[in-house]
Amino acid sequence: MRKLLKPVSCCLLALVFSLFFASFALAAEEAATGTAAAAASPDVTASTKAMVIAVSIAAAAFVMGFGTLGPGSGMGNACNGATNAVGRNPDAQGKILLTMLVGLAMIESIAIYALVIALAILYANPLLKYVVG
């Protein structure tokens, strides 16, 4: 599994960097052509707004995907430890269950933070006010 993780993470990192720096290249290209041509053509602003929305959707999916990997594995480890502890000491089941549920609620808050960020990217996108349209 670890042998597969390094090439996959390198490919994902290369994809993120290429998407990130492509926006700078497109902005430099548009600045080189001049703003008069951009103002004369309404398709340029519509395509720019569509590009911002498409990248926002991809960013929200990226945030939710990677923002729930850690909490998911943390919850699995917590439940594994709790079931092992109950198996070793069944008399302490109530205390273990209470501690596990509080810990799971704290872990779940991280996934909720990722959801809040993804919803902010989708519905309260601060970049859309800079795009003319």
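Each reported figure results from applying straightforward, stated rules to the coordinates on display, with no laboratory input. Remember, predicted model here, so these are calculated numbers, not experimental data. Cβ: placed from backbone, ideal geometry, glycine included. Neighbour counts: every protein chain shown.
Points worth noting:
- Label-to-label distance for Val116 and Asp91 is 4.3 nm, based on points extended 7 Å past Cα in the beta-carbon direction.
- When the chymotrypsin sites (Phe, Trp or Tyr not before Pro) in segment 74-133 are filtered for DSSP coil states and for at most 14 other beta-carbon atoms within 10 Å of their beta-carbon, the remaining sites are Tyr130.
- For Lys129, the lysines whose Cα comes closer than 21 Å to its Cα, not counting residues fewer than 8 places off in the same chain, are Lys49.
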